[in-house]
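Shown next, in C-alpha cells, is the structure this report addresses.
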Amino acid sequence: MTARRSRHLATLDPVEVGDHVCWVTGPDEDFAGTARAFAADGALFGDKVLVIGSPEARWAPGGTARGVLVDPAAERPGWDAEAMLGLLRREADTACRQGFRALRVLARMDRVWPEGASPQEIARHELGLDSLVAGGAALVVCAYHRDAFRPGALEQAGAVHPQRLGGHRTPPAFRLFSVAPGCWGVSGVVDSEGAEAFRTALGELFARSATVRLRCEETEFMDAAGMRALAEATRAVPGRRVLLEHANETVRRCWTLLGYDHPLIPVELTP
C-alpha cells in the first residue's frame, strides 16, 4: 500500500484500500445513488461490503455472501462506537480468510450516534478507526449528515479523517491521521480556527500512548494558537511526550520565541 496522504475527493470513485473518508452529506444530495454505487464497486474490485445503517435503505446490500448489513438500532442495547470497531476488526479478518481483497465499509454515523456525538467522542472513535484502516485490510466511508451533528462535531470529524468528500460548510484547516503504528501525520494549517479540534484530537492520542509522534511533512503552517494547543494538551496529561518530526524552520523558531522550548513542556521538534 502506498503512503497515506490527505486529500479532498470530488466523488467516491477513487477511494482505495487504506482510505478513510469523512463524507458530509445533506438533504439536497443524492445520498442513496452515491452509496449504492460505492457498495456496487465491491463486486468490481473483489471486496466484501459491510453497510452500517438501516435495512429499509434503498442502497443496502442484498444479503448475499458479498454484503453484510448491520443495523445499530436493532443491536442496542450493547451497541456503541467501540462495538463498531470490534465488528470491523472481525469482519476484516473474515474477509481476508474468505479471499476478498478488502473490507469495504459504508457507515451512516447518525445510526451509530442517533443522538449526535461530542467532538471528544468523534475524535476517540475516528482515530481508533483510522489506525485500523491504515493497516490495509479495509476502506471506510463515514457518512455524517449535516442535520444530525452540531457544527463543532462535524469540524472534528473532518479533522480526523485523511480524506473528505462533500459539503463541509467550514472545511477542516488541518487533518490528523495514522501513517504508521504510533505515528500520526498532520496536514494543512493548524491555526486559531482549528486549534480546539487539534487539542481534542491530541488529548485522545495521549490517552492511547505515552509517546506520540507527529509527522509534519504536509503541515503548511502552525500559528501561535496551534502551538499553544499542542503545549497545553501535552502538559494536561502528565508523563506524555511528543515528537514533532519534520517541523520546518519557521515552526521551530516560533516555538522557541513563544517560550515553549522548556523542560516542563515535553515536546521535541526535529527538522
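Quick note: the coordinates plus some simple rules give every number you see, no bench work behind them. Source: prediction; values computed, not measured. Here the Cβ is made from the backbone with ideal geometry for all residues, glycine too, and neighbour counts use every protein chain on show.
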Might you report the magnitude of the Cβ-based charge dipole of the chain about its Cα centre, with Lys and Arg at +1 and Asp and Glu at -1, to the nearest 20 debye? 580
Ignoring everything except DSSP H segments at least 4 long, calculate the 222 nm mean residue ellipticity for the chain; use -39,500 (n - 2.57) per segment, divide by total residues, nearest 500. -11000 deg cm²/dmol
Using only Cα atoms, figure out Rg for the stretch 67-115 and give it as a multiple of 2.2 N^0.38 Å. 1.21
How long, wide and thick is the stretch 99-199, going by the Cα atoms along their three principal axes, in whole angstroms, largest first? 45, 30, 22
With a 10 Å Cβ neighbour count serving as the proxy for reagent exposure, in which order, fewest first, do MET222, MET84 appear? MET84, MET222
For Cα pairs less than 8 Å apart in space and 6+ apart in sequence, what is the mean separation divided by the residue count of the chain, i.e. the relative contact order in percent? 19
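Taking trypsin sites (Lys or Arg not before Pro) as candidate sites, keep only those in a DSSP loop with at most 12 other Cβ atoms within 10 Å, then name the longest stretch of the chain containing none of them. Mind dumping the intermediate values first?
Values: sites that count: ARG58, ARG169, ARG208.
It runs 59-168.
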Between the alpha-carbon centers of the stretch 201-226 and the stretch 96-172, tell me the distance in whole angstrom. 19
Report the residue, chosen from LEU129, LEU257, LEU214, that carries the largest GNM mean-square fluctuation when the chain is represented by alpha-carbon nodes joined by springs under 10 Å. LEU257
Over the stretch 176-269, what number does the Rg to Rh ratio reach, with both radii from the alpha-carbon atoms and Rh per Kirkwood? 0.91
Subtract the Cα-Cα distance of GLN98 and VAL189 from 0.36 nm times their separation in residues, and report this length gain in nm to one decimal. 28.6 nm
What shape does the stretch 1-135 take by its C-alpha gyration tensor, where a ≥ b ≥ c are the square roots of the eigenvalues and a/c under 1.5 counts as rounded, a/b above b/c as prolate, and the rest as oblate? rounded
What base-10 log of the normalised intensity I(q)/I(0) is obtained for the chain from the Debye formula, alpha carbons as equal point scatterers, at q = 0.11 Å⁻¹? -0.60
